[in-house]
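*Asks:* Let me give you the structure first, and then I'll get to my questions.
The values are calculated or read from the model by the stated rules, or taken from the named source; none is laboratory data. Everything numeric here is computed off the predicted structure, so don't read it as measured data. Note: ideal-geometry Cβ built from the backbone for every residue, glycine included; neighbour counts use all protein chains shown. Heavy atoms of the whole protein, side chains included, go into the accessibility calculation; ligands, DNA and RNA do not. Shrake-Rupley method; radii C 1.70, N 1.55, O 1.52, S 1.80 Å.
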Amino acid sequence: MILRKFEENSFQCNVYKEMYAKQSLEFRKTMIEKYSNLNNGTYSIKEVLKLLDNFVDPSDPDVSLPNSIHAYQTAERIRKTYPNDHQLQLCGLIHDLGKILYKFGEPSCAIVGDTFVLGCKIPDSVVYYEYAVNCTADCSADYAGELGIYKKNCGVENLNISFGHDEYMYMVLKNNKNHNFEDKYKNMIRFHSFYPWHSNGEYQFFNSIEDEFLLEDVKLFNKFDLYSKEDDLEMLCTVDVDGNYVIREEIEEYYDNLIFEYFPEKLRW
Ligand code: FE
Ligand code: FE
């Protein structure tokens, strides 16, 4: 199966068009200011998972399942390969919870889609480059060259990456202190949509020495995110009388326990 095949005149195409038009350094700054205080409510991990029962990612050509199912699928795939790495499994379960931004009224172009760096030239390998090339002043071809406003090897954590569910979820994990989820896993979530960097080999000149390890972590995670979209469904869920997918009880219970271990309290969002 060919994954990530992006076609013209599709939903995906429109999301990307809007994204390239709207995302800028200023936009990112505004969004971070708006959301870093986490004053949009207090929810448990489980509650947010449930809220994503009705959300299908419009930027993803490979998925037509609710995001909550994708969450359990990703986690279960990780569990098969890494049965003892509980935080990596949780990473699978929670990596897309930042899509709750959709409940807060944000448009798709501020939530989903591959991310890219603002404030420097945009690489021509990005999805729908034809719409990116003349995007905002912050990533157009003549914006101060490859390095733009950054220094070589400045570290990816110091880049202004287009805002979306990755950065938002990272802020939620970083700014809530009442959990035991480690930095390594927070970072895997933070950069999981940064496809130009983790899958296309772009922006490597920004890497610090530590980023080489981060890159390996993010690549490892991506395998499970990408290839877990439509397969293994029967093992994961049953279908109820209304045709909705319901996660099998033993699987739900397993993750309830993991959630309780690492996120014993509700988080601010
Ligand atoms: Fe995602
Ligand atoms: Fe995902």
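*Asks:* Which order do you get for Glu234, Glu8, Glu26 if you rank them by accessible area with a 1.4 Å probe, largest at the top?
*Replies:* Numbers: Glu234 140, Glu8 95, Glu26 115 Å².
The residues order as Glu234, Glu26, Glu8, largest area first.
*Asks:* Now a separate question. Between the helical axis of 25-35 and the dominant principal axis of the chain, each derived from Cα atoms, what acute angle in degrees is found, rounded to the nearest 10?
*Replies:* Between the helix axis and the principal axis of the chain, the angle is about 30 degrees.
*Asks:* Please compute the length gained on full extension between Lys34 and Glu157, using 0.36 nm multiplied by the number of residues separating them and subtracting their Cα-Cα distance.
*Replies:* Values: separation 123, 0.36 × 123 = 44.28 nm, distance 1.97 nm.
Taking 0.36 nm per residue and subtracting the Cα distance, the gain is 42.3 nm.
*Asks:* Would you list which lysines come within 27 Å of Lys223, measuring only between C-alpha atoms, while excluding same-chain residues fewer than 8 positions from it?
*Replies:* Output for Lys223: Lys5, Lys17, Lys46, Lys50, Lys80, Lys99, Lys174, Lys184, Lys186.
*Asks:* Can you give the Kirkwood hydrodynamic radius of the range 26-132 from its Cα pairs, in Å with one decimal?
*Replies:* Result for the range 26-132 stands at 15.8 Å.
*Asks:* As a test question: what accessible area, to the nearest 10 Å², does Ser44 have when a 1.4 Å probe is rolled over all protein chains in place?
*Replies:* Answer for Ser44: close to 30 Å² accessible.
*Asks:* Same structure, new question: List the residues whose amide H sits under 5 Å from the amide H of Gly148, counting only those 5 or more places along or on another chain, with H placed 1.01 Å from N in the peptide plane.
*Replies:* Lys121
*Asks:* What residues have an amide H closer than 5 Å to that of Cys237, excluding those fewer than 5 places away on the same chain, when H is modeled at 1.01 Å from N in the peptide plane?
*Replies:* Arg248
*Asks:* Continuing with the same structure: Per residue of the chain, what 222 nm ellipticity follows from adding -39500 (n - 2.57) for every DSSP H run with n ≥ 4, rounded to the nearest 500?
*Replies:* On the way: 12 runs with 115 residues, N = 269.
Calculated mean residue ellipticity at 222 nm is -12500 deg cm²/dmol.
*Asks:* Over the Cα atoms of the chain, compute the convex hull volume and normalise it per residue, giving Å³. All intermediate terms of the calculation are to be shown ahead of the outcome.
*Replies:* Numbers: hull volume 34.6 nm³, N = 269.
It is 129 Å³ per residue.
*Asks:* Could you compute the FRET efficiency for Glu249 and Glu182, with r as their C-beta to C-beta distance and R0 at 30 Å, rounded to 0.05? All intermediate terms of the calculation are to be shown ahead of the outcome.
*Replies:* Details: r = 29 Å, r/R0 = 0.96.
Once rounded, the FRET efficiency stands at 0.55.
*Asks:* Sticking with this one: What is the diffusion coefficient of the range 164-248 in µm²/s, taking the Kirkwood radius over Cα pairs and the Stokes-Einstein relation at 10 °C with a viscosity of 1.306 mPa s? Could the numbers behind the result be given before it?
*Replies:* Details: Rh = 15.1 Å.
Approximately 105 µm²/s, per Stokes-Einstein.
*Asks:* Let me ask another. Leaving ligands, DNA and RNA out of it, rank Asp60, Asp256 by accessible area with a 1.4 Å probe, largest first.
*Replies:* Numbers: Asp60 25, Asp256 55 Å².
Ranked list, largest accessible area first: Asp256, Asp60.
*Asks:* Please state the charge dipole magnitude for the chain, taken about the Cα centre, from unit charges on C-beta atoms (+1 on K and R, -1 on D and E), reported in debye and rounded to the nearest 20. Display every interim value, and only then the final one.
*Replies:* Details: 28 positive and 45 negative charges, 164 e Å.
Using only the charged Cβ atoms, the result is roughly 780 debye.
*Asks:* Right, here's the next one. Sorted from largest down, give the three principal axis spans of the alpha carbons of the range 107-216, whole angstrom values.
*Replies:* Cα extents, longest axis first: 44, 35, 22 Å.
*Asks:* Moving on. Given Cα pairs under 8 Å that are at least 6 residues apart, what percent is the relative contact order of the range 189-255?
*Replies:* Working: 28 pairs, mean separation 13.6, N = 67.
Relative CO of the range 189-255 lands at 20 percent.
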